[in-house]
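**Student:** Before we start, here is the structure in question, set down as structure tokens.
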Amino acid sequence: MAGIVISGIGIYTPPEAITNEELVDSFNAYVKKFNEEHKNEIEAQKIEPLQESSAEFIAKASGVKNRYVMNKSGILDINRMYPDIPERPNEEMSIQCEMALPAIKEALDNAGKTSEDVDAVIVSCANMQRAYPAISIEIQDALGINGFAFDMLVACSSATFGMQTGIDSIKAGTAECVVMVSPDIMTGHVNFCDRDSHFIFGDACTAVVIEKKDTCKTDTAFEILGSKLQTKFSSNVRNNFGFLNRADESGIGKPDKLFKQNGRKVFKEVVPFVAEHITGHLDELNFKIEDMKRLWLHQANQNMNRLISTKVLGREPEPEETPIILDEYANTVSCGCLIAFKKYQDDFEIGEKGVISSFGAGYSVGSIIVEKIKI
Ligand code: COA
């Protein structure tokens with residue numbers, strides 16, 4: 001793997017935020033309204049009354065205290081309960097492209113590059129707003145990038161899978177400098193009427209520049225020492241939304257067309273899957289966990305990250321060993337591990353190493369082992 005580096009990284013944070021308290025106030029008002037409107041069915045025991053949510057439960061069970069969103073008013077409107085994002089004419093830039101541009105600009109500035117230096121754009125995230133043309137090709141066009149672009153979807157693991165694809169393109173010689181970008185508007189697919197999952201997600205976009213060490217223009221960079229992906233089928237995190245929905249009208253608008261999970265099972269099954277994956281990857285490369293200063297993990301649940309880190313380290317982690325950003329951002333799907341990486345790397349000295357790992361639906365897990373180097 002020697003010779004490929006992450007030379008730049010950028011984050012786009014949406015302008016609007018929702019605290020747990022705001023989210024719960026609106027959810028509980030929705031519950032009250034629903035139960036009043038369905039009073040007769042509830043009394044006749046035809047349906048169960050909805051239960052209220054609690055900001056304390058959310059913070060304790062997940063660690064989330066706040067989330068940034070592309071639209072706040074629609075989510076908090078109890079007569080709507082989903083974002084209000086108007087469709088745009090084909091001549092206008094799409095919202096995912098719009099989110100991607102500032103993240104890419106920051107990543108390119110960070111890398112000392114311009115779009116002229118880039119020859120491939122990969123959009124890797126959990127949801128695309130349309131089937132085609134690819135969002136990545138729209139971004140390529142907006143930035144005037146030559147070469148090629150394509151989209152890929154790997155849910156919460158999209159960051160490491162996208163980076164692996166960029167690394168593979170550079171290794172194969174099909175590209176020299178790749179931008180991998182993850183504009184995730186997960187709130188578009190959250191069921192804000194579902195008490196078990198209404199609090200989990202937020203929106204964000206991250207972008208990374210991956211290139212050969214030879215072309216890198218910065219003083220320091222993170223060299224990629226190894227990358228490894230793994231998948232194992234499970235329906236415990238599932239979303240049945242898709243182009244075939246219209247072929248069976250009975251399913252349109254049903255809750256299974258939004259994010260749905262069996263949270264307890266996901267927690268129990270994904271923790272060992274990820275811990276064993278990271279440990280196995282380190283073993284393969286003859287690294288010891290003591291060689292790693294930090295684990296930049298996917299940000300779904302604070303307790304989950306602590307457990308994974310404890311398994312990998314063989315002891316309780318110190319907070320700086322496995323930084324948490326989900327308290328502020330919630331689960332931003334593909335973006336979490338890279339937001340953590342960007343925000344918690346300034347203290348790295350030359351020669352210090354760490355692991356970036358994303359994991360989630362599929363199940364899927366990816367790990368990228370990096371070392372800070374002088375160019
Ligand atoms: N407010 C108040 N109480 C709530 C609640 C809410 N919003 N949601 C659930 N509860 C209650 C439940 O009714 C249950 O009550 P009971 O014990 O009286 O039956 C209790 O809290 C525990 O519910 P449970 O769903 O088992 O919670 P949990 O401890 O498993 O936490 C998650 C829920 C979602 C935070 C947790 O399972 C999780 O993070 N799982 C992994 C998620 C993940 O990584 N997904 C990947 C997505 S990419």
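Any read-out appearing in this document is the output of simple, stated calculations on the displayed coordinates, not a laboratory observation. Note that the structure is predicted; figures quoted are calculated from it, not measured. Positions of Cβ are generated from backbone atoms using ideal geometry, with glycine treated the same way; all protein chains shown enter the neighbour counts.
**Student:** What are the lysines whose alpha-carbon lies under 22 Å from the alpha-carbon of Lys217, with same-chain residues fewer than 8 places away excluded?
**Tutor:** List returned: Lys105, Lys113, Lys171, Lys342, Lys343, Lys353, Lys372, Lys374.
**Student:** Starting with the fewest neighbours, write out Tyr68, Tyr82 ranked by other beta-carbon atoms found within 10 Å of each beta-carbon. Provide the component values of the computation, followed by the final result.
**Tutor:** Details: Tyr68 20, Tyr82 17.
Least to most surrounded, the residues fall as Tyr82, Tyr68.
**Student:** Further, regarding this structure: Would you work out which of Gln230, Pro323, Asn262 lies farthest towards the positive end of the dipole of segment 222-374? Charges go on Cβ: Lys and Arg +1, Asp and Glu -1.
**Tutor:** Asn262
**Student:** Could you tally the net charge around Val333, taking each other residue with its Cβ under 13 Å from the Cβ of Val333, Lys/Arg +1 and Asp/Glu -1? List each step's numbers first, then the result.
**Tutor:** Working: positive: Arg67; negative: Asp184, Asp203.
Around Val333, the charge tally is -1.
**Student:** Rounded to the nearest 500, what is the 222 nm mean residue ellipticity of the chain from helices alone, with -39500 (n - 2.57) per DSSP H run of 4+ residues and division by all residues? The partial results should precede the final answer.
**Tutor:** Values: 11 runs with 122 residues, N = 375.
Dividing the helical sum by the residues of the chain leaves -10000 deg cm²/dmol.
**Student:** Let me know the Kirkwood hydrodynamic radius for segment 222-374, please, with Cα pairs as the basis and the value in Å to one decimal. It would help to have the intermediate numbers written out before the result.
**Tutor:** Numbers: mean 1/r = 0.0605 Å⁻¹.
When all Cα pairs of segment 222-374 are included, the Kirkwood radius is 16.5 Å.
**Student:** Sticking with this one: Using Cα-only point scatterers and the Debye equation, what is log10 of I(q)/I(0) for the chain at each q in 0.06, 0.12 Å⁻¹, rounded to two decimals?
**Tutor:** -0.23, -0.89
**Student:** Fewest first, what order do Glu284, Glu249 take by the number of other Cβ atoms within 10 Å?
**Tutor:** Working: Glu284 11, Glu249 8.
Listed from fewest to most nearby Cβ atoms, that is Glu249, Glu284.
**Student:** Name the residue from Leu101, Leu153, Val179 whose Cα lies farthest towards the positive end of the charge dipole of segment 93-181, charges +1 on Cβ of Lys and Arg and -1 on Cβ of Asp and Glu.
**Tutor:** Leu153
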